[in-house]
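Enquirer: Just dropping this structure here.
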């Protein structure tokens, strides 16, 4: 098991950087490389990073086959309206999946694939289970759900063809103070819309826990899907009140206006977040402990609190402390 | 504020010998007048529901607590046989009467006597009743949903098909029993009796239902469902006559 070569696609994202950071301290990891269009957000000491556009299939193929990884952790998934708009998110995720998973399938040493999936894959159609477990039918009802479903299909197909195991880590909405998330941005607005008639519960997962789950899936060589979510749940109303924001109750037709207005405030509401606010988003993460040997312990309420506890940026010059030497922010 | 600054300073100086720490403003303290105004407006609202009270299935403890006094005005429930339910998961099949909200008051009553939340299967999935029923402890009458709750050690109340005659047990859907067999969870039968007008209501829980024959295939849940209906009918017969809440009508209904 020791001396494994691990490739992390999407290492430049917050989640990918955290995964790489945790992999650096894993004893079974021999060498670690990463690919992304953006540089990593954390200081990585052991990892080698390649800045490659996922659409540049030739360079991706060269880089991946030269490294010849044993394990691929595919985090190159763009959530709609997190870093790019919905259409671009679909294009980037699809091209990254084809080029990176395709290149990894050409590597003779490959043993295991882990893909970052999402709870949106189950969909929230009327009559669908409130807390779907891993055996629930995949029936996405949002763009992000379709993206995740397509990604899992590509990964499973690639793994079957080359005879390796593939794990899909289906994460509840990943939220954290530094995670570019449409849900996080929306909840941090001064006034937050919510469905007054439904106000359904949802659960989230902290970015550190999500990274931990992805690393654990790689370590144990999980074959199949696993749900990962924080314990507990909150409703939008409760989250808004916890953050001391102004709750804006909406009934139905005015959601179209709210979605347009929120774009102006820099917090667009993609369809999977709108769906979550109307129909809730819970998953049964009870099997994570058995399958991964790890289950998040940070509750959903604590994750929401950490989202609001994001310290404000302090301009040192304005405080008159610019000449005091070094400063921490 | 000073405590926060000290904490930050001590944490930062663990790794560096000379560091000037710029004090951070608390996240809750807005810097702009608009932010202050928003906070002032939302402050009264913020104390109404300060802590999340929904659980992983969406049951809202505070919502249930708020409704229970009204429920007690409508039903005065006596629960018997609660000692048969152990500390773990259980599926409780109950007899139901049309338009009686039996599953709701039975789950609340059993939850009260056992001191733990009890779910009931059969909430709708449409706004606004679906979300309200979910907050009251409802889950969908869906085998996957019931299995998920049982796997997590929850007690789930499942109603037999509703009848117009409260002394008659309705049929039990085998697909809703199958999760209990799959998860190796005990199945109990409970007879319920309530009246349309009066407050008196009764819930009598029977010991664990044991299948007469061990089956490996789908016959297991079909036979157990039939057995449950028979056991429920026996319990209803033991509970006695029809209760209308009105003496004369009750006497006539005795037939």
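Enquirer: Assuming residue A:252 fulfils every condition listed in (1) closer than 23 Å to residue A:144 by Cα; (2) touching a residue at least 60 places away in the same chain (Cβ under 8 Å); (3) out of contact with any strand residue (DSSP E or B) (no Cβ under 7 Å at 6 or more places or on another chain); (4) assigned to a loop (DSSP other than H, G, I, E, B) apart from one, which condition is it?
Expert: Among (1) closer than 23 Å to residue A:144 by Cα; (2) touching a residue at least 60 places away in the same chain (Cβ under 8 Å); (3) out of contact with any strand residue (DSSP E or B) (no Cβ under 7 Å at 6 or more places or on another chain); (4) assigned to a loop (DSSP other than H, G, I, E, B), residue A:252 violates only (2).
Enquirer: Output the residues belonging to the range A:204-249 that are crowded, with 24+ Cβ neighbours inside 10 Å, in a loop (DSSP other than H, G, I, E, B) and within 9 Å of chain B (Cβ to nearest Cβ).
Expert: A:229, A:233
Enquirer: With respect to the numbered conditions (1) over 30 Å from residue A:309 (Cα atoms); (2) modelled with pLDDT under 85; (3) facing another protein chain (nearest Cβ under 10 Å), which one is the sole condition not fulfilled by residue B:124?
Expert: Every condition holds for residue B:124 apart from (2).
Enquirer: Just to be sure before I move on: is residue A:161 more than 25 Å from residue A:58 (Cβ to Cβ) and either more than 17 Å from the chain's Cα centre (by Cα) or surrounded by fewer than 22 Cβ atoms within 10 Å (Cβ to Cβ) (or both) in the structure I sent? If you could, list the steps in order and put the result at the bottom.
Expert: On the way: more than 25 Å from residue A:58 (Cβ to Cβ): no; either more than 17 Å from the chain's Cα centre (by Cα) or surrounded by fewer than 22 Cβ atoms within 10 Å (Cβ to Cβ) (or both): yes.
The answer is no for residue A:161.
Enquirer: Looking at the range B:145-155 only, could you name the residues that are facing chain A (nearest Cβ under 10 Å) and either in contact with a strand residue (DSSP E or B) (Cβ under 7 Å, 6 or more places away or on another chain) or touching a residue at least 24 places away in the same chain (Cβ under 8 Å) (or both)? Quick ask: steps written out before the conclusion?
Expert: At the first step, the residues of the range B:145-155 found to be facing chain A (nearest Cβ under 10 Å) are B:145-149, B:151-153.
Passing the criteria: B:145, B:146, B:147, B:149, B:151, B:152, B:153.
Enquirer: Shifting gears a bit: Any idea which of (1) modelled with pLDDT of 95 or more; (2) more than 24 Å from residue A:167 (Cβ to Cβ) is the one residue A:214 doesn't satisfy?
Expert: It fails just one condition, (2).
Enquirer: Further question on the same structure: For the range B:156-174, give me the residue count where each residue is within 11 Å of residue B:121 (Cβ to Cβ) and either out of contact with any helix residue (DSSP H, G or I) (no Cβ under 6 Å at 6 or more places or on another chain) or within 14 Å of chain A (Cβ to nearest Cβ) (or both).
Expert: Filtering the range B:156-174 down to residues within 11 Å of residue B:121 (Cβ to Cβ) leaves B:156-159, B:173.
Right, trim to either out of contact with any helix residue (DSSP H, G or I) (no Cβ under 6 Å at 6 or more places or on another chain) or within 14 Å of chain A (Cβ to nearest Cβ) (or both) and you get B:156, B:173.
Number satisfying all stated conditions: 2.
Enquirer: Which of the residues belonging to the range A:1-36 are in contact (Cβ under 8 Å) with a residue 40 or more places away in the chain and part of a loop (DSSP other than H, G, I, E, B)?
Expert: First, the residues of the range A:1-36 that are in contact (Cβ under 8 Å) with a residue 40 or more places away in the chain: A:4-11, A:13-16, A:18-19, A:21-23, A:26, A:28, A:35-36.
Once the filter is applied, which keeps residues that are in contact (Cβ under 8 Å) with a residue 40 or more places away in the chain and part of a loop (DSSP other than H, G, I, E, B), the range A:1-36 yields A:10, A:11, A:13, A:26, A:28.
Enquirer: Considering only the range A:265-278, I want to know if a residue exists there that is facing another protein chain (nearest Cβ under 9 Å) and touching a residue at least 60 places away in the same chain (Cβ under 8 Å).
Expert: Here is the first cut: in the range A:265-278, the residues facing another protein chain (nearest Cβ under 9 Å) are A:278.
Next cut, touching a residue at least 60 places away in the same chain (Cβ under 8 Å) only: A:278.
Yes - at least one qualifying residue is present in the range A:265-278.
Table: residues versus (1) modelled with pLDDT of 90 or more; (2) touching a strand residue (DSSP E or B) at 6+ places or on another chain (Cβ under 9 Å).
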residue	(1), (2)
B:27	no, no
B:42	no, yes
B:77	yes, yes
B:84	yes, yes
B:93	yes, yes
B:105	yes, yes
B:108	yes, yes
B:114	yes, yes
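Enquirer: Now for a different question. Out of the residues in the range A:50-75 that are assigned to a loop (DSSP other than H, G, I, E, B), in contact with a strand residue (DSSP E or B) (Cβ under 9 Å, 6 or more places away or on another chain) and in contact (Cβ under 8 Å) with a residue 40 or more places away in the chain, state the one that is nearest to residue A:223 (Cα to Cα).
Expert: Here is the first cut: in the range A:50-75, the ones assigned to a loop (DSSP other than H, G, I, E, B) are A:52-56, A:68-70, A:75.
When the remaining residues are screened for being in contact with a strand residue (DSSP E or B) (Cβ under 9 Å, 6 or more places away or on another chain), the result is A:52, A:54, A:68-70, A:75.
Imposing the further condition that a residue be in contact (Cβ under 8 Å) with a residue 40 or more places away in the chain reduces the set to A:54, A:68-70, A:75.
Working: A:54: 26, A:68: 21, A:69: 18, A:70: 15, A:75: 17 Å.
Residue satisfying both the conditions and the ranking: A:70.
The values are calculated or read from the model by the stated rules, or taken from the named source; none is laboratory data. Since this is a predicted model, take the numbers as computed values, not measurements. Cβ atoms come from the backbone with ideal geometry, glycine included; neighbour counts cover every protein chain shown.
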